[in-house]
Structures are given as structure tokens and as C-alpha cells.
Amino acid sequence: MNMTAAVRSSVGAQVHDLIQRRLERALRERVRYRYVKPNVLVEEGSYRIQSPCCSRTVDPAGGLIDIALLVPHEANSWCLCSRDHASSTWVARFQDESLDNLLDLLCMDSERQFWP
């Protein structure tokens, strides 16, 4: 690996760390299921959020389930997906939004799209 690629890789890792911490901090302020600690996982440039299934609607044993997927797009826009647990697929709910707007939607979740 040449020096330029090494620096680019290091900067990319730092950016992912900062975004991951930003997501974790925002999730502490969510409205639903405040008593559980969700995990933010970095996967191929996207951020997958998992949480224990408190309502037991998806996992009767209360195990970890996927809650949301945040996918970065160009020009500082993002896509927020919810998990369709019945078909094990991601469903795009909001696209081409700022990260701040999507975090507000995710943390409020008034329509229970993310925290079942």
C-alpha cells in the first residue's frame, strides 16, 4: 500500500468512527425503548443499528434485531431504511435527506417503522 492510500484509509476510518459516535449519541436521546442500548455497526460504509427486541414482537426471546440502516449518498445526503423482519429485507423509508433529519426521524419514530 502506498503512502497516499494509507493516509486515505486512515482518514476514512476516522470519519467512520466520528459518524458512529454521533449516531450512538443521538440514539441515547430516542423516544422509544430508552432503557436498552442499541449497537451501531459499520458495514461497507453504511451504519446498521441493532437493538434488543423489547416488545418481543419480532424475537420472543428478546434477542438482538436489526432496527435501521443508514446509507450515505453523494452531496451529504443519506438514506434511512427500516427492516422488514418478515421478509428479512431492508426497506428505504427516507432518501436524500440530511443525517440530522434522519436521526430525528429515527429517534422519534412516531409511526413505529424502526422500533417494533
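Within the chain, considering only strands (runs of 3 or more DSSP E) that don't extend past its boundaries, which have at least 2 residues that are modelled with pLDDT of 90 or more and among the β-branched types (Val, Ile, Thr)?
Filter on the chain gives 39-43, 64-72, 89-97.
Given the conditions (1) in contact with a Lys or Arg (Cβ under 9 Å, 6 or more places away or on another chain); (2) in contact (Cβ under 8 Å) with a residue 12 or more places away in the chain, report the number of the one that residue 62 does not fulfil.
(2)
The values are calculated or read from the model by the stated rules, or taken from the named source; none is laboratory data. Because the structure is a prediction, the values reported are computed rather than measured. With ideal geometry, Cβ positions are generated from the backbone for all residues, glycine too; neighbour counts draw on all protein chains shown.
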